[in-house]
Protein chains: 2
Amino acid sequence: MQEIKVELTKNPKEKPAPGAPLPFGTIFTDHMFIMDYDLGQGWHDPRIVPYGPIEMEPSAMCLHYGQSVFEGMKAYRAVDGRILLFRPDKNMARLNVSNDRLCIPQIDEKFAEKAIEKLVSIDRDWVPSGEGASLYIRPFIIGVDPHVGVHPAHHLMFMVICCPVGAYYPEGLNPVKIYVEKNYVRAVRGGMGYTKTAGNYAASLKAQDEAEKQDYTQVLWLDGVERKYIEEVGTMNVFFVIDDEVVTPELQGSILSGITRMSCIDMMRHWGMKVTERKISIDEVARAAQEGRLKEAFGSGTAAVISPIGHLKWGDVVMEINKGEIGPVSQKLYDTLTGIQWGKVKDEFGWTVEVQ
Amino acid sequence: MQEIKVELTKNPKEKPAPGAPLPFGTIFTDHMFIMDYDLGQGWHDPRIVPYGPIEMEPSAMCLHYGQSVFEGMKAYRAVDGRILLFRPDKNMARLNVSNDRLCIPQIDEKFAEKAIEKLVSIDRDWVPSGEGASLYIRPFIIGVDPHVGVHPAHHLMFMVICCPVGAYYPEGLNPVKIYVEKNYVRAVRGGMGYTKTAGNYAASLKAQDEAEKQDYTQVLWLDGVERKYIEEVGTMNVFFVIDDEVVTPELQGSILSGITRMSCIDMMRHWGMKVTERKISIDEVARAAQEGRLKEAFGSGTAAVISPIGHLKWGDVVMEINKGEIGPVSQKLYDTLTGIQWGKVKDEFGWTVEVQ
Ligand SMILES: Cc1ncc(COP(=O)(O)O)c(C=O)c1O
Ligand SMILES: Cc1ncc(COP(=O)(O)O)c(C=O)c1O
């Protein structure tokens, strides 16, 4: 494995006071990881350096043609003081899936995981300890060739930056209001929907903005072909508890394979629940709601872990789910997953990795 | 109108020797235009400064979430020495269409056009004069908030950079080989296909790469819903001459409204030809080819102006069009459009704008 050079900052920043609000994604730690790729040379010069701006050519590939992929993961300060990552191998594997679609050279997953551990270890004092707080980790890769032309880059940068973040819902786990998007489409099969790439999020901005203006938290996307099958929420996968079946849209190329999603599925199956990955239409959900068979709905994602959905608006139909309250499945998943992440519940699955 | 501050370079670069090869998008002029946007303040501080790298926060919005739009246009050195732009108002109008979809604040189109004229005027000695050579102009806007979160940026940059470029096909107008893409989809209705935004090009990289490996120049995209209607070529719109009708896919949200496309349509109608914007399936094209009714096919775009298509491969079917040679419609459009652009043919439509 390549050696990671470390240059420690000479000007450590002041850390947020314990208990101070930590708005998502705005405060950055003292260091960042960088590694370069050059055609013929491969990934080289892995290094941890003081956090700060980078120089970019105005013609850089990523600015014009969006050759850019990323991951989102967290480090948790466990109740016993250890620092834990949650399934980081899955994030690195998914990064390589995104790389493949975006013509970005594969990374060495094991090495990248070690690099992230090393970065978190160096910035360990930045991992917050407040209730629900964590260190959000953002690995990303950008093509930076100074060349105006639609071609895969020959020079790329892999970077990792970190932000201490507070509990996603400071008031505790509260059901959110979600809005079914009818006009805009996020991704379609054959496209890039299953990857974490910049363009998917760019495509979502307008609908998300309109949802917020109408006081909804996020949008629920429908498929781009028939415009009726449920895909995912803005930055979460989605589950519906109908009768005694838990249904989540199958992975068919246009939605992200969420790591929280796969953990929820594994866990519920472990509990003996019936979980089905299949096509599910918005009509089916609305019908189940009308017939009183829609018990719960929730989103799953790294940022909020589990987000119960209290209201789902589809055109003129507004479904109130479980009287707008948290249901037992959502609550149990939330408690167990966050319990494992913060080291309060035994990690039977071997999902956590301790940062040394 | 705001005043544009000018800071001239103290280190002018050496210009390419007349007649030297000018590979597309790799050589940049001495100056660039920059203007900032801040929420509450609007677009401000327009300036022309020496060309060079910019400082970028690793968390910059555009790197992660692709809030980025651009334009592509050219300045031509006319035979009488004047420098001409081709329909720059259309590029600025389209930039605002892209802005709207990507939650980017509107720009003042007239002002932006003036800014581009001023930049080209300052770098006028960079406008090459070789046969078919021109100055490629790349206006672009990026969201640069140092904030990890999927929200429209509050701080953005509008920049314009320029590259002297040689004739797109140095050997002259030669028919290209195009490959009909069956697996990948570029864009779908409800998405961002009608805009010039980074993500659309990111989505195209893989198919384009595979086409090139098979010795095809670009791919022809099919629609993302039924996977049978023709959309556009990688960076060109597309036309088919079938019997005495010229057909081009209608603008329905997933393809770019090309400025060369609209100019071709206007011009052919002016010549009394029958031009139809409608849905056209790949089956229809293949059938017409088989029946000997497909007279010509060509792509239209700023880079190459007109690209006759000599071979079109659709799975196992390889269509040779017009014996792989340039047809009369392609040739006449090419000659007239480039004639207007280089000031050799009278500009009856008032499409050119002289840079003072
Ligand atoms: C589009 C989208 N879907 C789903 C998810 C959930 O994935 P994960 O559980 O891996 O965080 C995310 C991100 O976090 C996302 O951006
Ligand atoms: C996707 C796409 N379609 C079509 C075109 C042609 O547009 P225009 O004629 O304005 O250059 C371009 C770019 O130039 C393009 O990128």
C-alpha long axis of helix A:109-122 to longest principal axis of chain A, angle in °: 80 degrees
Carbon/sulfur fraction of accessible area - chain B, other protein chains in place, 1.4 Å, %: 48 percent
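What total accessible area, in Å², is buried where chains B and A meet, using a 1.4 Å probe and rounding to the nearest 100? It would help to have the intermediate numbers written out before the result.
Values: alone 16100 and 16100 Å², together 27210 Å².
Its buried surface, counting both partners, is about 5000 Å².
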Entries in B:Lys74/B:Lys114; A:Lys110/A:Lys346; A:Lys213/B:Lys110; A:Lys279/B:Lys196; A:Lys279/B:Lys206; A:Lys118/A:Lys196 that, when Cα-Cα distance is taken, lie over 21 Å: A:Lys110/A:Lys346; A:Lys213/B:Lys110; A:Lys279/B:Lys196; A:Lys279/B:Lys206; A:Lys118/A:Lys196
Inter-copy spacing of B:Phe349 label points, which lie 7 Å from Cα along Cα→Cβ, given in nm from shortest upward: 5.9
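What is the magnitude of the charge dipole of chain B about its Cα centre, with +1 placed on the Cβ of each Lys and Arg, -1 on the Cβ of each Asp and Glu, and no other charges, expressed in debye to the nearest 20? Working shown, then result.
Working: 39 positive and 48 negative charges, 59 e Å.
Roughly 280 debye for chain B.
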Closest Cβ on chain A to the rotation axis that carries it onto B (distance rounded to whole Å): A:Gly199, 1
Gain on full stretching of the segment that runs from B:Gln252 to B:Lys10 - 0.36 nm per residue minus C-alpha separation: 82.3 nm
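Which peptide among A:265-274, B:91-100, A:152-161 comes first, and what is the full order, when sorted by highest mean count of other Cβ atoms within 10 Å? Mind dumping the intermediate values first?
Values: A:265-274: 13.9, B:91-100: 19.3, A:152-161: 21.5.
In decreasing order of mean packing, A:265-274, B:91-100, A:152-161 become A:152-161, B:91-100, A:265-274.
Counting partner chain Cβ atoms within 10 Å of every residue's Cβ in B:140-146, what's the average? Let's see the in-between values first.
On the way: counts 5, 1, 5, 2, 1, 2, 4.
For this peptide, the per-residue mean of nearby foreign Cβ atoms is 3.
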Test item: B:181-194 mean partner chain Cβ contacts at 10 Å: 6
Per-copy distances of the A:Ala20 label point, shortest first, in nm (7 angstrom along Cα→Cβ): 5.3
Among B:Trp126, B:Met1, B:Ala112 the positive-end extreme of the charge dipole of region B:1-153 (Cβ point charges): B:Trp126
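Given 0.36 nm per residue, what is the gain on full extension from A:Arg269 to A:Val49 after removing their alpha carbon distance, in nm?
Values: separation 220, 0.36 × 220 = 79.20 nm, distance 4.31 nm.
That works out to 74.9 nm of additional length.
Mind putting a number on the dipole of the protein assembly as shown about its Cα centre? Charges go on the C-beta only, +1 for Lys and Arg and -1 for Asp and Glu, and I need it in Debye to the nearest 20. Could you put the intermediate results ahead of the total?
On the way: 78 positive and 96 negative charges, 64 e Å.
Roughly 300 debye, rounded to the nearest 20.
So what is the accessible area of the protein assembly as shown per residue, in Å², with the probe set to 1.4 Å?
On the way: 27210 Å² over 712 residues.
About 38 Å² of surface per residue is accessible.
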For chain A: relative contact order, % (alpha-carbon pairs under 8 angstrom, 6 or more apart): 18 percent
GNM top mover of B:Lys206, B:Lys177, B:Lys228 - chain B, alpha-carbon springs below 10 Å: B:Lys206
List of region A:30-56 residues, accessible area with partners at least 20 Å² below that of the chain alone (1.4 Å probe): A:Tyr51, A:Pro53, A:Ile54, A:Glu55, A:Met56
Candidates A:Val188, A:Val317, A:Val345, ranked by Gaussian network fluctuation over chain A, Cα under 10 Å, top entry: A:Val317
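Please work out how much length the chain gains when fully extended from B:Asp243 to B:Asn183, using 0.36 nm per residue of separation minus the C-alpha to C-alpha distance, in nm with one decimal.
18.6 nm
Which order do the peptides B:212-220, A:293-301 take when ranked by the mean count of other beta-carbon atoms within 10 Å per residue, highest first? It would help to have the intermediate numbers written out before the result.
Values: B:212-220: 17.4, A:293-301: 24.4.
For the peptides B:212-220, A:293-301, the packing ranking is A:293-301, B:212-220.
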Whole-Hz couplings from phi, Karplus 6.51/-1.76/1.60, listed for region B:249-257; x for Gly and Pro: x, 6, 7, 10, x, 10, 10, 7, 7
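The values are calculated or read from the model by the stated rules, or taken from the named source; none is laboratory data. Here the structure is a predicted model, which is why all the values come from computation and not from measurement. Backbone-built Cβ (ideal geometry, glycine too); neighbour counts: all protein chains shown. SASA here: full protein model, heavy atoms, side chains in, ligands and nucleic acids out. Shrake-Rupley method; radii C 1.70, N 1.55, O 1.52, S 1.80 Å.
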